[in-house]
Amino acid sequence: LGEESTSTAGEEEKYEKKWVKYLLILGTPPPLTSRQWRVFGLLSLAGMFTHYDDTLKSVGVEQIQRSLSISDASISYVIGIVRLGVLLAIFLNLAADRLGRKPLLLITICGFAVMTALTAFSMNVYWFTIAQFFAKMFIHAEYLLSNISILEEFDTGTRGWALGAVSALCVVGSGLCIILYGPL
């Protein structure tokens with residue numbers, strides 16, 4: 001099924017996914033274990049969705065201002081407060097040593113989804129700012145945990161490719177948002 005396997009004695013079997021070569025932004029992928037491919041796929045997918053959503057708030061700022069009656073003088077304060085959520089991401093990541101990285105990564109993905117959904121139901125600037133503050137915290141904690149997960153799951157010969165490829169696919173989420181938002 002589009003896979004070529006390689007392995008040596010005492011080593012987990014590694015696969016080259018033939019379809020990946022058609023994603024030119026990923027370059028030539030190294031052979032990876034099936035677990036590494038799963039981790040790569042899940043982190044890339046989560047990153048694409050989060051970058052899409054994060055970009056959507058930037059390109060839709062005028063509509064957000066209008067729908068919540070935020071003045072031009074106040075919008076910079078709202079954006080500033082929302083971006084302060086990044087600072088809490090640091091403390092959330094420190095908890096990963098006690099709680100475990102994988103459970104916390106799942107919590108950050110779910111937390112981001114919940115806060116983004118709450119944003120959709122915001123009836124005023126205060127609820128919007130609070131929901132987005134915590135969404136920003138979760139999205140950046142997820143980003144940090146994703147990078148740590150790659151460093152832990154991939155061997156030294158494949159880490160660089162994995163970090164670069166996941167980052168490239170995350171940017172695709174931003175690009176899709178900009179392309180799709182234009183016609184709306």
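The values are calculated or read from the model by the stated rules, or taken from the named source; none is laboratory data. Since the model is a prediction, treat every value here as computed from it, not as a measurement. Cβ sites come from the backbone with ideal geometry, for glycine too, and all protein chains shown count toward neighbours. Quick note on the areas: whole protein, heavy atoms, side chains included, nothing else; ligands and nucleic acids left out. Shrake-Rupley method; radii C 1.70, N 1.55, O 1.52, S 1.80 Å.
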Restricting attention to the stretch 144-184, the residues that are closer than 14 Å to Y52 by Cβ, touching a residue at least 12 places away in the same chain (Cβ under 8 Å) and not aliphatic (A, V, I, L, M) number exactly 5
I81: passes all of (1) open to solvent by 30 Å² or more (accessible area, probe 1.4 Å); (2) modelled with pLDDT of 90 or more; (3) within 19 Å of the chain's Cα centre (by Cα); (4) not charged (D, E, K, R) but (3)
